[in-house]
1. Go through (1) more than 25 Å from ALA84 (Cβ to Cβ); (2) under 14 Å from the mean Cα position of the chain (by Cα); (3) of a type outside the set (Gly, Ala, Ser) and name the single condition ASP22 misses.
2. Within the stretch 68-77, track down each residue that is farther than 17 Å from ALA55 by Cα and either modelled with pLDDT of 70 or more or out of contact with any Cys (no Cβ under 9 Å at 6 or more places or on another chain) (or both).
3. Sort out which residues of the stretch 14-27 are touching a helix residue (DSSP H, G or I) at 6+ places or on another chain (Cβ under 7 Å) and not hydroxyl-bearing (Ser, Thr, Tyr), and write them in order of number.
4. Of the conditions (1) surrounded by fewer than 12 Cβ atoms within 10 Å (Cβ to Cβ); (2) modelled with pLDDT under 75; (3) aliphatic (A, V, I, L, M), LEU65 satisfies every one except a single condition; which number is it?
Amino acid sequence: MTTENNSKLLINRIHRIKGQLDAVEKSLLNNSMDCEKTLLLLKAASQAIKKLGEAFVQEYMDRCLMENKKKPDIESIRSAIKAAFLL
């Protein structure tokens, strides 16, 4: 899969997350008493953000580290992993 396709997939994930958060906002603005539904929307958005982070780290590792013609150094890998888990 090309970098452009991967970027589009990441952007699609972001759009889905925005949609989930918009639904949460709408629920709050309407003073919806369906707390369970709102909590499920929040959980879905949270999980989607986690998956977006994982997909981005994979893309970063593939594109930024592996496309480099030389072997990636351990510090670059550690830096990428540290940045990913500090989200």
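The values are calculated or read from the model by the stated rules, or taken from the named source; none is laboratory data. The structure presented is a predicted model; accordingly, all values stated were derived computationally and were not measured. Cβ placement follows ideal geometry from the backbone for every residue including glycine, while neighbour counts extend to all protein chains displayed.
1. (2)
2. Selection gives ASN68, LYS69, LYS70, LYS71, ASP73, ILE74, GLU75, SER76.
3. If the condition is that a residue be touching a helix residue (DSSP H, G or I) at 6+ places or on another chain (Cβ under 7 Å) and not hydroxyl-bearing (Ser, Thr, Tyr), then ILE14, ARG16, ILE17, GLN20, LEU21, ALA23, VAL24 are the ones that fit.
4. Failing condition for LEU65: (1).
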